[in-house]
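Read the structure below first, then the notes.
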Amino acid sequence: MRPDERELDDEIRGHLAIEIQQRIDRGESPQQARVNALRQFGYVPQLREEMHRVWYGRWYDMAEALVQEMRVGLRSLLRAKGLAATVVITLALGIGANAAIFSVVRGVLLRPLVNRGEERLVYVRQSAPGLGTDSVSFSVPEIKDFRERVKSIDAFGEFSTVEFTLVGLGEPRVIQAGVVDGHYFDVVGLKPILGRLVEPSDEGFKAAGVAVLTNRFWTQSLNSDPTVIGKTIQLGTRSATVIGVLEPSVPYPADTEIIGNMVTSPHHMGAQMVTMRTHRMTRLFGRLAPGKTIEDARAELSTVHAGLKSEYPESYPERADMRVDVTALRDQIAAPARPILLILLAAAAVVFVIACSNVANLILARSVRREGELAVRAALGASRGALRRTLLAESLVLCGAGAVLGVLLARPLVAIVASFAAKFSVRALEVTVDSSLLWVGASLAMTAAVLLAYVPRLPSSQSPPGNGLAAGSIRITPGTNRRLKVFATTQVAFSFVLLAGATTLLASLIALRGVNTGYEMEEVLAIDMPMRALAQSNADDLAFYQRVTERIGQLPGVEGVAIGSVTPWRDAGKFGIGITFGADGFTPADGEELPRARLRSVAPDFFHVLGVPLLAGRDFTLEDRRGAENVVIVSQNLAQRLYPNGEALNHKMWWVDPYFGPKPIPQRIVGIVADVDDEHISPSPVMTVYHPLHQIGIAGRLFVRAKGDPYTLVKPITQVVQGLSANQPVERAATLEDVRAEVLAPERLNAFVFSGFAGVALLIAVVGVAGVLAFGVSARTREFGVRLAIGSTPYLLLTKVLSEGATIVSVGIISGTAFGYLFAGIASSYVEQLRMPGLLALLGAAAVLVIAALAASLMPAARASRLDMLQALRTE
Amino acid sequence: MPKNPEPERLELLQGTLDMLILRTLQWGAQHGHGIGQAISSQSDDLLKVETGSLYPALHRLEKRGWLKSEWGISEANHKAKYYQLTAAGKAQLSRERDRWTQLVGVIGKIMNPAAE
């Protein structure tokens, strides 16, 4: 209760006390004195209301009048249930979509991270636009230079992702792990909820291996077991002690299960990692120095980076055009979801505009029907303000109901949109329904209500009220008709924009799905079977793979088995952006850099099992092993690039990256296979070099070609493998078709969500067009009667109404196209890679819209053509 | 609002209640009950001030700054809010008194032209 209210209560009690006292003094019994005093005092709620008026003044009067009007509005709307329901549902769709998407946008793009001092937390990124990659990470020498030279970032934290075979916590399996330096957790501002995190004392070659569990892993896989602290686990070849559990936080750059110190990863201790400037595999986080901004840091880092480029030109090839950038970590994490969310927000806004103009139409039509009523009220002395208030009250009732329904609708929508956005940014996983949904819903409803109250024309004080008063009936004026048509056209135009967008997405999705990948997609099962960390030696490991291949080959239903190193699409980018190579008889043109190719390690029969045609030469055999002649098979594209005249076979090629040792090892080309791009969703010509597994020793992926349903083989295969080696993980079995579908999921969801919006918009627009035409027909019954009387035929009336519908649609489509291009122009400055719809998509969208609108016009048109002339003339 | 005034009572002219309240408070601070009673007794019980009009009027006058109030203990030994004239209230009272005298004079002249 407000203080005023409480004071008033005290004051009333004081008054009554005096009155009772006086009455008792006059000889009344206490009981009677009390009753009489209360009776004399009067009705307290009435007084309270009067007091409100005194306290809150004008506003109180207005609000009270509005509530009164809303009661009247509610009653009159209950008499027009169909209209009210249409309006409420339409608004609910518009409000619900906006509220849901806004919640997700807020959660993903705007909400601060949980990290301490997150406003000073930055992500440092090195990119190589010349090589078409936006993240090449950093090497240890580069980070060392930054630490020494950069002042605007006072602390750097290192994070790299490695795969470990984890033994000691549940089933042995391969996990993603983070490897960090001792400053990482301090820089990113995260705390342990149990134990401690990796600290500077855990750095160095002599330190003991320690591991921190991520919160998700600890709660979901380990049931939040506190006794896990202090346990020793096996990470690949090394062991580590579990020292703590991290607080819940956004996993970036990778969703790992554990985070260890450097010594847990032998690779991080190796000479390559420590000394090679081009061995870039570390992500870099930073904390801005006090008083420095992101712009300062960006400028300083660019200067330092430019210095490094001129000091070590061999590590920063001209063509790669390498750059560094600094972004707030929050923006960096949200970046991938940003364009799609902004586009969805725009789509939702468009749906809202469509919904509003549809509702505006309905309300306009309604207000034309009640022009008589308004005219009577105006004649009785109602001011324009009072009439406006009546209209506002009614639209408030409608929009309020729409908002309530819309928010209810938005609740489940948030979960759907969030799971959609999670494909782009991990932050969407933590999006929850909160009060912002209500605020957005309420403010949209208010906006709509105010707009809608100003749509209908009021009986003007200048024009004599006689007309409206006398007739008390529908008198559709050219002005009103024009407004109705403008709103209908608006709906068509905006729906067209959404439809064109949706057809573009659908078309590209269909194109992607239909692409010939070069693999047998449905019969081949891909299984992760990581190399055993505990194997005695690489040779031992290879022998194991060979035994697995033979045993699985004997299973019923298996047509072929092969070992490889990369699962198509899923493992994209695993070996970086390609490695430079040379070949005999090939000299790059002046100024041209050495070409790059992808490296793959495959067992004999790999090409046969996956269905890749061998175009020339031979396949690998078991004889291509260590100690034998070094051989490779190359892709067709590479063979033609190096040897345009087709004499690639038996020439030699070699890698020139220092990773392969100081002296290049020539390898004879023994075969040429068809091109397969197993990294990109839409294939582009790539150069690939295949090494024999038994010579290069990289494995980890099992491919099985099946007769019948491949998934029935998963269990027997697992049994065979684990029968040979109990600790060997066998994971993520899926046909190549499903692997690709998994990778295509964001595209599919994109198209799905957008089509949903377009569908809703189309529905609303069709209802709108049909409504306007139907209203036109019913308001012009008399006119049609006259037309029939002077010789028009029903057929002419039919075509007249249809052509009106066609006009609305074509004007809508044309203005929609214009608006769409304008909008895309604005949007492209905020969203990169905006795809413009092709002509086919535009035509498709237009066709859908025209057909839908003509179907919608048919009903009112048919009604016009069936009019009975005499009855029509007699109406009104 | 249903009204059932007793027949012999006089209805307050619109706008005069404020003036009467100010006038009543000229003799010092008083609570709402006392103000109401003072007005009735001074009009020989011909004027009866409804609590439903009295309290809104008091709060309105206070809001305009013509009255100020403080809590005290009434003769019934109960908490009561005592109202008091402010300087602005005194000025307002004299303004209203002038206007009222003028109005009574003018209306009297019209109603009883011979009396002049």
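Axis angle, to the nearest 10 degrees, between helix A:714-724 and the longest C-alpha principal axis of chain A: 30 degrees.
The separation of the range A:54-104 from the range A:215-242, counted between C-alpha centres, amounts to 56 Å.
Scanning residues 5 or more positions from B:LEU67 or on other chains, those with amide H under 5 Å from its amide H are B:GLU62, B:THR86, with H placed 1.01 Å from N in the peptide plane. A crude spin-label estimate for the pair B:GLN102 and A:ALA254, with each label 7 Å from Cα along the Cβ direction, gives 9.1 nm.
Each of A:LEU66, A:LEU437 was scored by other Cβ atoms within 10 Å of its Cβ. Listed from fewest to most, they are A:LEU66, A:LEU437. Local charge for A:VAL558 was computed over the other residues whose Cβ lies under 9 Å away, with Lys and Arg +1 and Asp and Glu -1, and equals +1. Which of the lysines could a cross-linker bridge to A:LYS309, judged by Cα under 28 Å and excluding same-chain residues fewer than eight apart? Hits, sequence-local ones excluded: A:LYS144, A:LYS151, A:LYS292, A:LYS574, A:LYS663. Under 25 Å of direct C-alpha separation, and excluding same-chain neighbours fewer than eight residues apart, B:LYS63 reaches these lysines: B:LYS48, B:LYS79, B:LYS81, B:LYS90. Note on the protein assembly as shown: helix-only mean residue ellipticity at 222 nm, from DSSP H runs of 4+ residues weighted -39500 (n - 2.57) and normalised by residue number, equals -17000 deg cm²/dmol. About its Cα centre, the dipole of the protein assembly as shown is roughly 3400 debye, where the only charges are +1 on Lys and Arg Cβ and -1 on Asp and Glu Cβ. Taken as Cα centroids, the range A:725-804 and the range A:127-188 sit 49 Å apart, rounded to the nearest whole angstrom. Between the Cα long axis of helix A:384-421 and the first principal axis of chain A there is an angle of about 20°, rounded to the nearest 10. With the charge dipole of the range B:1-103 set up from +1 on Lys and Arg Cβ and -1 on Asp and Glu Cβ about the Cα centre, the Cα lying farthest toward the positive end among the listed residues B:ALA87, B:HIS33, B:LEU10 is that of B:ALA87. Helix A:140-149 and the longest principal axis of the C-alpha atoms of chain A enclose an angle of approximately 60°. What percent antiparallel are the DSSP beta bridges of the range A:627-703, to the nearest 5? Close to 45 percent. Which entries in the list A:LYS206/A:LYS231; A:LYS423/A:LYS715; A:LYS231/A:LYS715; A:LYS81/A:LYS800 go over 25 Å, if you measure between the two C-alpha atoms of each? Too far apart for the 25 Å limit: A:LYS423/A:LYS715; A:LYS231/A:LYS715; A:LYS81/A:LYS800. Rounded to the nearest 20 debye, the dipole size of the range B:16-111 about its Cα centre is 380 debye, using +1 on the Cβ of Lys and Arg and -1 on the Cβ of Asp and Glu. Toward the positive end of the charge dipole of chain A, with +1 on the Cβ of Lys and Arg and -1 on the Cβ of Asp and Glu, the farthest Cα among A:SER221, A:ALA741, A:MET281 is that of A:ALA741. In this rough spin-label picture, where each label sits 7 Å from Cα along the Cβ direction, the A:LEU622-A:THR232 distance is 3.9 nm. What net charge do the residues around A:LEU867 carry, taking every other residue with its C-beta under 11 Å from that of A:LEU867, with Lys and Arg at +1 and Asp and Glu at -1? Once all neighbours under 11 Å are counted, the net charge is +3. Since only A:PHE156, A:GLN272, A:LEU235 are under comparison, the one whose Cα sits farthest along the positive direction of the charge dipole of the range A:155-295, derived from C-beta charges on Lys, Arg, Asp and Glu, is A:GLN272.
Taking 0.36 nm per residue of separation and subtracting the Cα-Cα distance, full extension of the segment from A:ILE193 to A:VAL450 would add 87.5 nm.
What nm distance separates the two modelled labels at B:SER40 and B:TRP71, each placed 7 Å from Cα along Cα→Cβ? Calculated label separation equals 2.7 nm. Legend: ranking of residues A:GLU49, A:GLU11, A:GLU171, A:GLU163 from fewest to most surrounding C-beta atoms inside 10 Å; resulting order A:GLU171, A:GLU49, A:GLU163, A:GLU11. Measure out, as a whole number of angstrom, how far apart the alpha-carbon centroids of the range A:282-335 and the range B:66-96 sit. Using only Cα atoms to place each centre, the spacing works out to 73 Å. If you take every residue apart from A:ASP584 with its C-beta less than 14 Å away from the C-beta of A:ASP584, what net charge results, scoring Lys and Arg +1 and Asp and Glu -1? Neighbour charge sum, excluding A:ASP584 itself: +1.
All of the numbers you see were taken from the coordinates with simple rules; none came from a lab. These figures come from a predicted structure and were not determined experimentally. Note that each Cβ is placed from the backbone with ideal geometry, even for glycine, and that neighbours are counted across all protein chains shown.
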